[in-house]
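The values are calculated or read from the model by the stated rules, or taken from the named source; none is laboratory data. In this text, all values refer to a predicted model and were calculated from it rather than measured experimentally. Positions of Cβ are generated from backbone atoms using ideal geometry, with glycine treated the same way; all protein chains shown enter the neighbour counts.
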Amino acid sequence: MRAFLVLVVGSLVVPLLAAGMLQFARGPIIAWFPPGTALQASNAIGYVLDVSVWYAVANLLPVPPLSGGHVLLALVPALEPRLRTLLPWSRIGLAVAFVLGAPYLPRLLA
């Protein structure tokens with residue numbers, strides 16, 4: 001189980017590390033582009049950073065299809081029958097949240 005938890009935590013840490021490296025390289029990347037394109041490149045990098053952070057935070061939710069749900073099942077196996085009945089509804093809820101723009105929520109709140 002320890003290896004499973006390391007794998008799940010790693011899957012959440014890697015996008016955050018990649019986002020940090022991209023943020024660190026943002027200045028040189030933008031400086032490389034001509035002035036008209038630099039704004040577009042900055043916006044694209046900002047979007048990738050937002051989505052990376054949103055991905056890591058959203059996957060911590062204890063919903064069965066997400067990483068947090070797998071951790072919850074690993075820590076409390078007795079919840080598996082109950083969470084299996086909620087699985088179709090959680091998938092529908094996640095699809096609705098994605099269609100309604102949940103990944104854009106960090107930008108809207110900023």
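The rows are residues; the columns are (1) modelled with pLDDT of 85 or more; (2) among the hydrophobic types (A, V, I, L, M, F, W, C).
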{"position": "20", "(1), (2)": "yes, no"}
{"position": "59", "(1), (2)": "no, no"}
{"position": "66", "(1), (2)": "no, yes"}
{"position": "79", "(1), (2)": "no, yes"}
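Rundown of residues vs (1) touching a residue at least 12 places away in the same chain (Cβ under 8 Å); (2) more than 27 Å from residue 47 (Cα to Cα); (3) surrounded by 15 or more Cβ atoms within 10 Å (Cβ to Cβ), yes/no style:
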residue	(1), (2), (3)
67	yes, no, yes
70	yes, yes, yes
77	no, yes, no
82	no, yes, no
89	no, yes, no
94	yes, no, yes
97	no, no, no
100	no, no, no
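The set of residues in the stretch 1-42 being among the hydroxyl-bearing types (Ser, Thr, Tyr) and farther than 30 Å from residue 77 by Cα consists of 37, 42.
Only a single criterion out of (1) among the small types (Gly, Ala, Ser); (2) within 29 Å of residue 97 (Cα to Cα); (3) over 12 Å from the mean Cα position of the chain (by Cα) is not satisfied by residue 56, namely (3).
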